[in-house]
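Working notes, structure below.
Derivation of every value follows stated rules applied to the coordinates shown; laboratory data play no part. These figures come from a predicted structure and were not determined experimentally. Please note: Cβ atoms are built from the backbone with ideal geometry, for glycine as well, and neighbour counts cover all protein chains shown.
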Amino acid sequence: MSVAVKLLILFLILAAVAIGIFLVVAVSTRRPPQDQHEVARRGYTIRGWWFTSLLAFFVAMFATSIPFFPYLAGATALQPALKVPVIAMQYAFIMPTHFPVNKAIIFEVTSRDVNHGFGIYNPQGHLVAQVQAMPDYTNYLRVIFHQPGIYTARCLEYCGPGHALMEKTFVVGAK
Ligand SMILES: [Cu+2]
């Protein structure tokens, strides 16, 4: 079947649908006009049901999803944190190399020279937290390490020819 024939068939189908709609509208206007108050009353009834069902739906969704909200994580934010200064520079991080497990740590990250990134990779090599290291400015990065092991901090901002070598490993857990 050629494209022209397909287009013709499509046009005829759409035309038939349009004519059908016109016919339905034309026939419906032949009925005696309905009382406006009756129409409005029905509309308000439908709207009332719609509102009630939406309300019930959202209340149910809220009730079932609220246990997944990170409120507990927020509560642990109130526990005292270990403050750890991190100084980034071309091409190293000056920072401690040992950290406790399951304790809140706030990395106070700054830079001695240019902009760097401070990205923390877990023992599986997944990025778990990151922040910019900026000169004359301190960024605070709050982390809790739940998993002991050897972590790696890597620069995530191109900072010069030695950027790719800029990393530091540190241990989380027992010494
Ligand atoms: Cu870098």
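Over all projection directions, the Cα-based convex hull of the chain averages an area of 23.7 nm².
Peptides 89-102, 143-156, 49-62 ranked from most to least packed by the mean count of surrounding Cβ atoms within 10 Å: 143-156, 89-102, 49-62.
Please determine, in degrees from 0 to 90 and to the nearest 10, the orientation of helix 36-65 with respect to the longest principal axis defined by the Cα atoms of the chain, where the helix direction is its Cα long axis. Relative to the chain, helix 36-65 is tipped by roughly 20 degrees. Using the Karplus relation 6.51 cos²θ - 1.76 cosθ + 1.60 with θ = phi - 60°, the per-residue 3J(HN,Hα) values for the range 139-151 come to 9, 9, 10, 9, 9, 10, 8, 8, 10, x, x, 9, 9 Hz, with x marking Gly and Pro. At q = 0.10, 0.15, 0.16 Å⁻¹, what is the log10 ratio I(q)/I(0) for the range 72-172, with the Debye formula run over Cα points and no solvent? Results for the range 72-172 at q = 0.10, 0.15, 0.16 Å⁻¹ read -0.25, -0.56, -0.63.
Computed extension length for Thr152-Lys103: 15.8 nm, one decimal, from 0.36 nm per residue of separation with the Cα-Cα distance subtracted. Computed across the range 3-68, the Kirkwood hydrodynamic radius from all distinct Cα-Cα pairs reaches 16.7 Å. The angle between the Cα long axis of helix 3-28 and the longest principal axis of the Cα atoms of the chain comes to about 60 degrees, rounded to the nearest 10.
Of the trypsin sites (Lys or Arg not before Pro) found in the range 1-99, those in coil by DSSP whose Cβ has at most 16 other Cβ atoms within 10 Å are Arg30. For the range 149-164 versus the range 102-122, the inter-centroid distance based on Cα atoms is 11 Å. Once the chain from Leu14 to His163 is taken as fully extended at 0.36 nm per residue, the excess over their C-alpha distance is 47.4 nm.
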